[in-house]
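What follows is calculated from the coordinates using simple rules that are stated; it is not laboratory data. What you see is a predicted model; the values in this text were computed from it and never measured. FYI the Cβ positions are ideal-geometry reconstructions off the backbone, even for glycines, and counts take in every protein chain you see.
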Amino acid sequence: MQFVQANEQSIIEVSRLLTDAAIWLQQANQPLWPVEEVTVDVLRRDTSSYYLCYVEDVPAGTLRFQLEDPDFWPEINGGSSTFIHKVAVDRRFAGQGISTALLQWALDTTRSLGRQYLRVDFDPSREALKNLYEGFGFEFHSPKDMGSFFVHRYVYTLQDSAEV
């Protein structure tokens, strides 16, 4: 597997992966993010925060990796954490460990940046996501009311610290 930061050309693949995931989840009666939130034009506003996982030169998964997240984690001081959003795997690669590889890449990158925490949030009704994140080692941190929706925030601690 190879992990690459998205660029102006590959953001098209990021959009495809996220759009396909959004449509698949919508068809399964589990809508996650609206398709209009993951168009190329929208994603180009922050291309550099998206990463692709390639398997034999085929885009197999993507995620958004951020150094700050003032919307979901406004109380977190800069420099201690990294944050992930919009984790998606191409259905052709489902069940092949791509989501775990994406999380491991995010964890390794967090460690290489000298940060202590990797943070994620998700809809608490998503049992599969809860199982994925808890199985990987994330722990429940807190609920957060985002106004029009509600999330559970989870944290993976790389080192002991009082800030969690």
- Item | Euclidean distance of C-alpha centroids, the range 1-29 and the range 49-125, integer Å | 13
- Query: Hey, what's the Cα Rg ratio for the chain versus the globular rule of thumb, 2.2 N^0.38 Å?
  - Reply: 0.99
- Query: Going by the alpha-carbon gyration tensor, a ≥ b ≥ c the square roots of its eigenvalues, is the range 76-153 rounded (a/c under 1.5) or, if a/c is not under 1.5, prolate (a/b greater than b/c) versus oblate?
  - Reply: oblate
- Query: What angle do you read, to the nearest 10 degrees and between 0 and 90, between the alpha-carbon axis of helix 127-136 and the longest principal axis of the chain?
  - Reply: 60
- Based on Cβ point charges of +1 for Lys and Arg and -1 for Asp and Glu, what charge dipole magnitude is obtained for the chain about its Cα centre, in debye rounded to the nearest 20? 180
- Label-point separation in nm, Glu37 to Glu68, each point 7 Å along Cα→Cβ: 2.1
- the chain: angle of helix 98-112 to the longest principal axis, Cα-based, in degrees nearest 10: 50
- What nm value, rounded to one decimal, do you get for the distance between Asn77 and Thr100 when each label is placed 7 Å out toward the C-beta? 3.6
- Task: May I ask you to derive the relative contact order of the range 30-147, considering only C-alpha pairs under 8 Å and at least 6 residues apart, and to give it as an integer percent?
- Result: 20
